[in-house]
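To start, the structure under review is shown below, and the notes come after it.
The values are calculated or read from the model by the stated rules, or taken from the named source; none is laboratory data. As the structure is a computational prediction, the values presented were derived from the model and not from experiment. Here the Cβ is made from the backbone with ideal geometry for all residues, glycine too, and neighbour counts use every protein chain on show.
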Amino acid sequence: MTTADEPTVIEFRRSRGREVGFLATALPVLAVALAVVNLASGDPWWDGLWLPLTWFLLWGFFRGVARPPSSGQRPGLPLRLAVDHLQVAGPGERTLAIEWSNVARAEISGWWYPVLAIEPADPDRTRPPIARWEWATYGQSRPYEIRVPLVYLSPGRDQLRRELARRLPA
């Protein structure tokens, strides 16, 4: 059912450019807000402007030094949508494949910290099948729920919503 101009696989990755863009926007906005609060309270406008800079430096430290790339975070594959299945980074170094007909629920929630919650109808039909205890993640509300953080997602949450609506059975 795909046309010649339609890609067979759409890969969603975390984008360093979106992350830096967010911070490049958030840091000046935070500094201006702090200056306005200082002026409204009668303090010098520059008082406390070291806070946004400290926040930015701490973010860089924890991003690059305190959490090295080998800390279990898989930067290359948060999510991949193929014609007949979706692939998601699973526990350990595994990549899980779930056929579209086996997806019982796939919904995006959250605005500040968006998360995709995927639940297979039959966990034994995932490739590779994994036990219930292996699926457990923080914030999980159902036994076989897979939670994929979508922060700084590229090509974007809107395209992911469109693709999920198009590919999932109604």
- prompt: Taking interchain pairs and intrachain pairs at least six residues apart, which have beta carbon atoms under 9 angstrom, with the first residue in region 1-26 and part of a loop (DSSP other than H, G, I, E, B) and the second at pLDDT below 75 and surrounded by fewer than 13 Cβ atoms within 10 Å (Cβ to Cβ)?
  reply: Thr8/Thr2
- prompt: Taking the condition at pLDDT below 85, surrounded by 11 or more Cβ atoms within 10 Å (Cβ to Cβ) and in contact with a strand residue (DSSP E or B) (Cβ under 9 Å, 6 or more places away or on another chain), does Pro52 pass?
  reply: no
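Looking at region 133-144 only, could you name the residues that are at pLDDT 70 or above and buried (at least 17 other Cβ atoms within 10 Å of the Cβ)? Steps first, answer last, please.
Step one: filter region 133-144 for residues at pLDDT 70 or above, giving 142-144.
Within region 133-144, Tyr144 is the sole residue that qualifies.
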message: Tell me whether region 18-26 contains one or more residues that are in contact with a Lys or Arg (Cβ under 6 Å, 6 or more places away or on another chain) and at pLDDT 70 or above.
response: no
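Anything in region 70-90 that is modelled with pLDDT of 90 or more and among the aliphatic types (A, V, I, L, M)? List them, or say none. Break it down into steps so the answer makes sense when it comes.
The initial filter retains those residues of region 70-90 that are modelled with pLDDT of 90 or more, namely 80-87.
Within region 70-90, Leu81, Ala82, Val83, Leu86 qualify.
Could you please find all residues in region 24-42 being farther than 13 Å from Phe56 by Cα and either among the β-branched types (Val, Ile, Thr) or loosely packed, with under 12 Cβ neighbours inside 10 Å (or both)? Please lay out each step first, then the result.
Narrowing region 24-42 to residues farther than 13 Å from Phe56 by Cα: 32-42.
Those that are farther than 13 Å from Phe56 by Cα and either among the β-branched types (Val, Ile, Thr) or loosely packed, with under 12 Cβ neighbours inside 10 Å (or both): Val32, Ala33, Val36, Val37, Ala40, Ser41, Gly42.
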- request: Just give me the residues in region 1-17 being modelled with pLDDT under 75 and of a type in the set (Gly, Ala, Ser), in sequence order.
  value: Ala4, Ser15
